[in-house]
Amino acid sequence: MQSFILMSEKLLEIRPILPQNREPAIELVNQFFRMVNKLPLDGIFQIRPRAAAKMVDIYLKLRATDKVLFIGGFIEEELVSLLIARVEEKPYLIEEKNLFIDLAVTKQGKRKSGYMKPLVQETFRYAKEKGILAIELRAISENKLAVEFWKKMGFDPFYVRFRKSVE
């Protein structure tokens, strides 16, 4: 899988994240995790230090399976956006499986430039190719830009996930 999209005079290349992309992928995931940790949440939810490296390393190992989509949007060699999704088996449902987007992030300073939309479109192409009927994701309700983006991409709220700290 490799595709090119012309975006305001710049060519966005969508390609798999490979081991040689590890460091920029970790930095991009770290940017997202730092942003999440700054959100006014419940005071308990915090992403651990070095979580980005662990997450990227896990998905680099899993990308060889038929169960993971780990792609990036590149302008020349600069990683500007990244999307990680995994196939979830649901044998108790008629759909049998779905594709769950674990993380989607665009580099700071490049957000709202359209670099995520092609990755999401590639995710839909991948799902169709695999016979997957639905794509799901979670967005933190305090992350208003993300909630707005996913709604613009045609996603509808489906589950309500509740959280309460144990006192």
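Values for this structure:
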quantity	calculated
Failed criterion for E148 (all others in (1) open to solvent by 50 Å² or more (accessible area, probe 1.4 Å); (2) within 18 Å of V29 (Cα to Cα); (3) of a type in the set (D, E) hold)	(2)
Residues located in the stretch 116-138, provided they are among the charged types (D, E, K, R) and open to solvent by 50 Å² or more (accessible area, probe 1.4 Å)	K117, R125, K128, E129, K130, R138
Yes/no for L82 being modelled with pLDDT of 95 or more, of a type in the set (A, V, I, L, M) and closer than 23 Å to Q46 by Cα	yes
Residue in the stretch 149-163 that is in contact (Cβ under 8 Å) with a residue 60 or more places away in the chain and more than 15 Å from S81 (Cα to Cα) present	yes
Cβ pairs under 6 Å, 6+ apart, first in the stretch 118-140 and on the phi > 0 side of the Ramachandran plot, second modelled with pLDDT under 95 and outside any helix (DSSP H, G or I)	none
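Quick grid of which residues meet (1) at pLDDT below 95; (2) within 14 Å of P16 (Cα to Cα):
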| site | (1), (2) |
| --- | --- |
| D66 | yes, yes |
| F74 | no, yes |
| E96 | yes, no |
| L99 | no, no |
| T106 | no, no |
| S113 | yes, no |
| V160 | yes, no |
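The values are calculated or read from the model by the stated rules, or taken from the named source; none is laboratory data. For clarity, every value in this text was computed on a predicted model and none was experimentally measured. Cβ sites come from the backbone with ideal geometry, for glycine too, and all protein chains shown count toward neighbours. We work out accessible area using only protein heavy atoms, side chains counted, and drop any ligands, DNA or RNA first. Shrake-Rupley method; radii C 1.70, N 1.55, O 1.52, S 1.80 Å.
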